[in-house]
Amino acid sequence: MKGLILAAGYGTRFLPVTKTIPKEMLPLIDKPSIAFIIDEFIQSGIEDIIVITSRRKKSLEDYLDREIELEEIFRREGAAAKLEKIAPYKANISFIRQQEMKGTGQALMLPEKMIGDEPFVVAYPDDLHFGETPLAAQLIKTWEETGCSVLSTLHNPPNLERYGILALKEDGFHVKDIVEKPAPGTEPSKEATIGRYLYTPDIFKYLREGWGKHTTGEYFHTYALKQQMDRDGVVFKPLEGERLDTGSPAGYLKAILKYAAKDPDMAAEILEAADQIRR
Ligand code: G1P
């Protein structure tokens, strides 16, 4: 199974920092957010990872490369803990550049030749997952059981109007449609999709078909997904664990705090700061 990370976007919600630092490189303390996705993929057994990037994302490519000089220095010094921090990823990581920002649907078409006739997991790097079973592994398991494309969902989160919401078929398991950001009260179910998808490779055919009909603006994955849905090819999997949304400044702040709080000393610092703010 290959993994794909869509990391070409401008990151305008984080301007001005994203003028020079890719959004995916914004860290939770000491670890860039994209590294959480890479770890999730590797822990899910994914060994080939393709990252879709764009101009101004060079630091991302450097980060995912080896830090060969430092490795050498730390090895000479016998600094095992430091060496561990920069250990090379146990995955083949390659990059494709999206040259024009024509939407996630267009980005998804770019790796077709590299992926070939195999299912693959897609991650939007805004959505991080903390939990026992890595999120990509949860999708892979559901695909093994069904043979279908799988959409990861949150069940009834606050602010359903911020998500792509699923309409379900009568069996309550297959997906009939996806409604992007429905007005409050009009949502077809309580299953909100997040940025983790497992696609069977026929998605490429439908992406190309939709692209042929597309005229202006960004091109999304929804047309192609709908074609798969009409052929009973799509199911959903409510996620186990916790999803962190680093796509907005407030969500990013929460993700930093939750990650930091895994260390008891840091948790104490956070609570002390919160007390001071409250006073
Ligand atoms: C995207 C998708 C949407 C999904 C959301 C999850 O929206 O289009 O279907 O629910 O990610 O994070 P965006 O957040 O980019 O507006």
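The values are calculated or read from the model by the stated rules, or taken from the named source; none is laboratory data. Just so you know, these numbers come straight off a predicted model, no measurement behind them. Virtual Cβ from ideal backbone geometry, glycine too; neighbours counted across all protein chains shown.
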task: Scan the stretch 210-231 and give yes if some residue there is in contact (Cβ under 8 Å) with a residue 40 or more places away in the chain and among the polar types (S, T, N, Q), otherwise no.
output: yes
message: If the requirement is being within 22 Å of S149 (Cα to Cα), surrounded by fewer than 18 Cβ atoms within 10 Å (Cβ to Cβ), modelled with pLDDT of 95 or more and within 15 Å of the ligand (Cβ to nearest atom), which of these qualifies: K254, K237, K190?
response: K190
- prompt: What residue, among those in the stretch 232-279 that are in contact (Cβ under 8 Å) with a residue 12 or more places away in the chain, part of a loop (DSSP other than H, G, I, E, B) and of a type in the set (D, E, K, R), is nearest to K205 (Cα to Cα)?
  reply: D232
- prompt: Just one of E161, E170 is in a helix (DSSP H, G or I), of a type outside the set (S, T, N, Q) and more than 10 Å from the ligand (Cβ to nearest atom); which is it?
  reply: E161
- request: Scan the helices (runs of 4 or more DSSP H) fully inside the stretch 1-113 and keep the ones with 1 or more residues being in contact (Cβ under 8 Å) with a residue 24 or more places away in the chain and not hydroxyl-bearing (S, T, Y).
  value: 33-43, 58-63, 104-109
